[in-house]
Every structure is written in C-alpha cells, then in structure tokens.
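Visitor: This is the structure, below, for whatever I ask next.
The values are calculated or read from the model by the stated rules, or taken from the named source; none is laboratory data. Here the structure is a predicted model, which means the values were calculated and not measured. Cβ atoms come from the backbone with ideal geometry, glycine included; neighbour counts cover every protein chain shown. Heavy atoms of the whole protein, side chains included, go into the accessibility calculation; ligands, DNA and RNA do not. Shrake-Rupley method; radii C 1.70, N 1.55, O 1.52, S 1.80 Å.
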Amino acid sequence: MSGLRGKRDPVVAIVGATGAVGREFLALFEERAFGHGELRLLASARSAGGEIAYRGRAHTVRALSREALEGVDLALFSAGGSVSREYAPIASEMGAVVVDNSSAFRMEPGVALVVPEVNGALLDGIGAGGAIIANPNCSTIILMLALHPLRERFGIERAIVSTYQAASGAGAAAMEELRSQTRTVLDGGAPEPKVFPEVCAFNVFSHNSKVDEATGRNVEEQKMIDEVRKIWGGDSVRISATCIRVPTLRAHCESVHVTLGNTAGVDEVRRALSDAPGLELVDDRAGNRFPTSLRASGRDAVLVGRVRVAGDAETDGAGRARSFELFIAGDQIRKGAALNAIQIGERLLGMA
C-alpha cells in the first residue's frame, strides 16, 4: 500500500510553480477539488517573493531549497531536467513522493513511467517512504491514450506516428514568442527567433530537439520510441515517429497509422476508442468534424477521430482489416503534463 494512500491533508509542493505547467497544476487543483493541507509554491530564487492567486487568496512563491522540501508528502516537479536531477532525489530521500515532469528519470531502471489509464497499477506498489515517479513525454501520453485500448482489444504490431506539436511544449516563453512573432509578421516585420531555432509564426519545422547524426532521429522521436517500450514493458510493438513543430499555441496533434495484431472493423475500432478512459471520440464524417488543436485546448480528454481503414490495408469480404489510421489531439499542458501528474497523485492518495 502506498505511503500516501488515505493520508489526510497532505503537504504538497509544486516545483516550478510560476511556469505554464505549474500554473496549470493550480487551476486543476481548483477544478478537481484536490484535497491537500499546506501548499508550497516553489520556484527559482529570482521568482521568490512573488504571489500567485489560488483558492481566493494570494500565495507567496518561495525559493526552491532543501529546507523548503522538508515535511513535503507529495512534490510535483515541472522545472526542467537539471532542477529535477538536483532536487527530486533530495525530496525523495526526505520522504516525499515526487512526480517529475522532466525527462530526467523516465528511463531510469526502477522508476515507474506512468500513464494512469494505461499502467496505473504500478502506483499500487509504491510503498511507504519517498519515491520518484516519472511523467512520460507529452506526445507519448497523448499517443498512449489512443493506442492502449486498441492493443488491449486487438493487439498492435506497429505504429507510425507524425506529430504536430504546439509551442506550449516548449513552455510559456515559447508561447509568448509565437504570439509576438505573429504580431510582427502581421505588421510587416521580420521576426527573429530566440526560443526556437526557426521562426515559429506561420511556419512548420522539424522539432527543435537535437538530432542524432547516426540515426537521424531527434530527441523527441527517440523519447516516444523508448517511452512506449518502457510503458508497455518491451519492444514487441514497433514504433516509428516524426515530430514536427506547428504554429499553434497549445494542444498537440498526432497522425497515427497502426497495424493491429488481429483484423477488426471500423465500428469495432471506434467502439474500443469511445469506451476507453481519457478519450473522446470526435469522428463525424458527414459534418467533417474531427479533433483539432482548438477543440482539445483546455480539455482533460484526448480527442480521437479520422478513424478509417488505412489506404494500403488488405481487407476481407466484410471490410475488416488490420491497418487503420487515426488523428489525435490533446492539450499538452493538461493531459500531456499537469493533469497526468495530478492523476498519479490522486491515485497515490486514494482519491481515484
């Protein structure tokens, strides 16, 4: 049984409280009536002393330190890999359960990489005392919500994924860069990129993470491959990914070509998706209404649609096939980051 389960009024810390995900933690706490005792809003020294409104009153931001983590039961980290690598082990050693949103611990042996709707049972084995639990990459979370019910129902042999990733994936500064560059272009100016290596306004470009010269894959693509394998406990499902930035503020989209282990009809695939937790089927062919970034923004659910037999699929006389195509949209800041972490915390505390 978890050391947090059933704990009344846990002391909760948000590390990176002034960032986009940190503020989303607070919004979700209010929306979900997340029960906690003392709340510590922690950030860098330059942000210390500032105030953030929450539940009707101003909360003062404190500088992150060992002392600030004393007595914390649950620590939600979203302050970048270097901060997590330094302070998450400290918090864990002091008895906190850390849910980390960075990539620092995702592939560490013994660290659970969790999407609650997929492998949340791993959380039931978190014992008393401190621990570190990793949030997967945002694109991986969004993908897993759609693929897992298909794997459970039909099996999956292969998935080919192309992402259309919003500025929100690079943080609040990237979102502001898109806004300011858009204004500059519309005013007839020539924007200069600072957060991204390319102009993001009115542009589409390869994901800004480093490219491995040997494989040709960028870090984001490799993360998706590695994380899917870890979450599903092996490499039996072949994954290929191409990750792209697009000029939208928030909510990532993904185009998926999936090869099932067994044949299925379109209606069976739709039913498996519509019945799955965390998913909403938006698949209106007659009205040409499908998932979009705007429809997914601010939503907890990942939207899935454009469900169809793949153009290269072999079908039997009943129209059943093994290869299908899907289009997915999910809010990167919510389910792709803050919400997933909070759902982990809720399960640990016995709220879910």
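Visitor: Would you tally the residues in the range 194-231 being touching a strand residue (DSSP E or B) at 6+ places or on another chain (Cβ under 6 Å), in a helix (DSSP H, G or I) and free of Cβ contacts under 8 Å to residues at least 40 places away in the same chain?
Guide: 2
Visitor: What number goes with the only condition from (1) surrounded by fewer than 18 Cβ atoms within 10 Å (Cβ to Cβ); (2) out of contact with any Lys or Arg (no Cβ under 7 Å at 6 or more places or on another chain); (3) part of a loop (DSSP other than H, G, I, E, B) that Asp235 does not pass?
Guide: (2)
Visitor: Can I ask one more? In the range 240-253, how many are in a strand (DSSP E or B) and open to solvent by less than 20 Å² (accessible area, probe 1.4 Å)?
Guide: So the answer is 5.
Visitor: For the list (1) closer than 17 Å to Arg153 by Cα; (2) in contact with a His (Cβ under 8 Å, 6 or more places away or on another chain), I need the number of the one condition that Ala272 fails.
Guide: Failing condition for Ala272: (2).
Visitor: Quick check: is even one residue across the range 100-119 in contact (Cβ under 8 Å) with a residue 24 or more places away in the chain, in contact with a strand residue (DSSP E or B) (Cβ under 9 Å, 6 or more places away or on another chain), open to solvent by less than 20 Å² (accessible area, probe 1.4 Å) and of a type in the set (Asp, Glu)?
Guide: Taking every residue of the range 100-119 in turn, at least one turns out to be in contact (Cβ under 8 Å) with a residue 24 or more places away in the chain, in contact with a strand residue (DSSP E or B) (Cβ under 9 Å, 6 or more places away or on another chain), open to solvent by less than 20 Å² (accessible area, probe 1.4 Å) and of a type in the set (Asp, Glu).
Let's see how each residue does on (1) surrounded by fewer than 16 Cβ atoms within 10 Å (Cβ to Cβ); (2) in contact with a Ser or Thr (Cβ under 6 Å, 6 or more places away or on another chain); (3) of a type in the set (Lys, Arg):
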residue	(1), (2), (3)
Gly169	no, no, no
Ala172	no, no, no
Arg183	yes, no, yes
Pro197	yes, no, no
Ala201	no, yes, no
Phe205	yes, no, no
Asp212	yes, no, no
Gly216	yes, no, no
